[in-house]
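Q: Got a structure here, written out as C-alpha coordinates. Questions coming.
The values are calculated or read from the model by the stated rules, or taken from the named source; none is laboratory data. Predicted, not measured: the structure shown is a model, and the values here were computed from it. Positions of Cβ are backbone-derived with ideal geometry, glycine not excepted, and every protein chain shown enters the neighbour counts. Only protein heavy atoms, including side chains, enter the accessible area calculation; ligands, DNA and RNA are left aside. Shrake-Rupley method; radii C 1.70, N 1.55, O 1.52, S 1.80 Å.
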Amino acid sequence: MLNKKIKYPRAKLLVDLIGICAFIGIFFFAALHMSIKANTDEWHISFNLTGESIADMVAFVVLVVIVICSVVVSTILKKMRKV
(Lines give C-alpha, C1' and ligand atoms only; values in the text may rest on other atoms or scores of the structure.)
Protein backbone atom coordinates (compact mmCIF):
# COMPACT_ATOMS: atom_id res chain seq x y z
CA MET A 1 0.00 0.00 0.00
CA LEU A 2 1.40 3.35 -1.01
CA ASN A 3 1.59 6.08 1.58
CA LYS A 4 1.56 9.56 0.06
CA LYS A 5 2.98 11.24 3.18
CA ILE A 6 6.45 9.69 2.87
CA LYS A 7 9.13 10.95 0.50
CA TYR A 8 9.76 7.75 -1.50
CA PRO A 9 6.59 5.64 -1.41
CA ARG A 10 7.46 3.40 -4.37
CA ALA A 11 10.94 2.63 -3.04
CA LYS A 12 9.46 1.68 0.33
CA LEU A 13 6.88 -0.54 -1.37
CA LEU A 14 9.63 -2.27 -3.37
CA VAL A 15 11.76 -2.83 -0.26
CA ASP A 16 8.73 -4.17 1.62
CA LEU A 17 7.90 -6.60 -1.20
CA ILE A 18 11.49 -7.86 -1.33
CA GLY A 19 11.43 -8.41 2.44
CA ILE A 20 8.11 -10.26 2.28
CA CYS A 21 9.37 -12.52 -0.52
CA ALA A 22 12.53 -13.31 1.46
CA PHE A 23 10.47 -14.05 4.58
CA ILE A 24 8.25 -16.43 2.60
CA GLY A 25 11.44 -18.00 1.26
CA ILE A 26 12.64 -18.62 4.83
CA PHE A 27 9.39 -20.42 5.67
CA PHE A 28 9.59 -22.45 2.46
CA PHE A 29 13.20 -23.33 3.24
CA ALA A 30 12.25 -24.34 6.79
CA ALA A 31 9.40 -26.51 5.54
CA LEU A 32 11.74 -28.36 3.20
CA HIS A 33 14.33 -29.04 5.91
CA MET A 34 12.02 -29.89 8.82
CA SER A 35 11.70 -33.34 10.28
CA ILE A 36 9.48 -34.81 12.99
CA LYS A 37 10.57 -37.77 15.09
CA ALA A 38 7.99 -39.42 17.31
CA ASN A 39 8.22 -42.16 19.90
CA THR A 40 5.53 -43.50 22.17
CA ASP A 41 6.67 -41.17 24.98
CA GLU A 42 7.82 -38.03 23.21
CA TRP A 43 8.20 -36.29 19.88
CA HIS A 44 10.76 -33.88 18.45
CA ILE A 45 10.58 -31.33 15.66
CA SER A 46 13.97 -30.49 14.22
CA PHE A 47 15.25 -28.12 11.58
CA ASN A 48 18.36 -29.40 9.81
CA LEU A 49 20.70 -26.90 8.18
CA THR A 50 23.69 -29.22 7.93
CA GLY A 51 22.86 -30.83 4.61
CA GLU A 52 25.20 -32.32 2.05
CA SER A 53 26.16 -28.93 0.66
CA ILE A 54 26.98 -25.58 2.17
CA ALA A 55 24.63 -23.93 -0.33
CA ASP A 56 21.68 -24.59 2.00
CA MET A 57 23.33 -22.68 4.83
CA VAL A 58 24.40 -19.84 2.55
CA ALA A 59 20.91 -19.52 1.05
CA PHE A 60 19.31 -19.42 4.50
CA VAL A 61 21.76 -16.80 5.80
CA VAL A 62 21.29 -14.66 2.67
CA LEU A 63 17.51 -14.75 3.11
CA VAL A 64 17.83 -13.74 6.77
CA VAL A 65 20.18 -10.88 5.88
CA ILE A 66 17.79 -9.69 3.15
CA VAL A 67 14.91 -9.64 5.65
CA ILE A 68 16.94 -7.72 8.23
CA CYS A 69 18.21 -5.19 5.67
CA SER A 70 14.75 -4.66 4.22
CA VAL A 71 13.32 -3.98 7.67
CA VAL A 72 16.04 -1.41 8.39
CA VAL A 73 15.72 0.32 5.00
CA SER A 74 11.92 0.28 5.20
CA THR A 75 12.04 1.91 8.63
CA ILE A 76 14.44 4.59 7.37
CA LEU A 77 12.24 5.27 4.34
CA LYS A 78 9.17 5.46 6.57
CA LYS A 79 10.82 8.13 8.74
CA MET A 80 11.57 10.33 5.69
CA ARG A 81 8.59 12.68 5.39
CA LYS A 82 7.70 15.03 2.56
CA VAL A 83 8.52 18.63 3.18
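Q: So how tilted is helix 55-79 from the main axis of the chain? Cα-based, degrees 0 to 90, rounded to 10.
A: 30
Q: List nothing, just return the count: lysine pairs in the chain, 8 or more apart or interchain, with Cα separation under 19 Å.
A: 13
Q: Another question, then. Could you list the trypsin sites (Lys or Arg not before Pro) in the chain that lie in coil according to DSSP, counting only those with at most 13 other Cβ atoms within 10 Å of their Cβ? Before the final figure, lay out the partial values.
A: Working: sites: Lys4, Lys5, Lys7, Arg10, Lys12, Lys37, Lys78, Lys79, Arg81, Lys82; in loops: Lys4, Lys5, Lys7, Lys82.
For trypsin sites (Lys or Arg not before Pro) across the chain that sit outside H, G, I, E and B with at most 13 neighbouring Cβ atoms in 10 Å, the list reads Lys4, Lys5, Lys7, Lys82.
Q: Here's something else I'd like to know. With label points built 7 Å along Cα→Cβ from the Cα atoms of Ala11 and Thr75, find their separation and express it in nm.
A: 1.8
Q: Turning to a different aspect of this structure: Which one is right for this structure if Rg/Rh (Cα atoms, Kirkwood Rh) is calculated from it: [x] 0.94; [y] 1.21; [z] 1.08?
A: Matching the structure shown: [y].
Q: Give me the distance in nm between label points sitting 7 Å out from Cα along the Cα-to-Cβ direction at Phe27 and Ser46, one decimal.
A: A separation of 2.5 nm, rounded to one decimal place.
Q: Next question. Given the DSSP H assignment, sum -39500 (n - 2.57) over each helix run of at least 4 residues in the chain and divide by its residue total; what's the result at 222 nm in deg cm²/dmol, nearest 500?
A: Only helices count here, giving -21000 deg cm²/dmol.
Q: Using the heavy atoms of the protein chains alone and a 1.4 angstrom probe, what is the accessible area of the chain per residue in square angstrom? Could the numbers behind the result be given before it?
A: Working: 6730 Å² over 83 residues.
I get 81 Å² per residue for this part.
Q: Under the definition of Cα pairs under 8 Å and six or more residues apart, what whole-number percent is the relative contact order of the chain?
A: On the way: 74 pairs, mean separation 38.5, N = 83.
This gives 46 percent for the chain.
Q: Something else: Report, in degrees rounded to the nearest 10, the 0 to 90 angle that the Cα long axis of helix 9-32 makes with the longest principal axis of the chain.
A: Tilt of helix 9-32: around 0 degrees.
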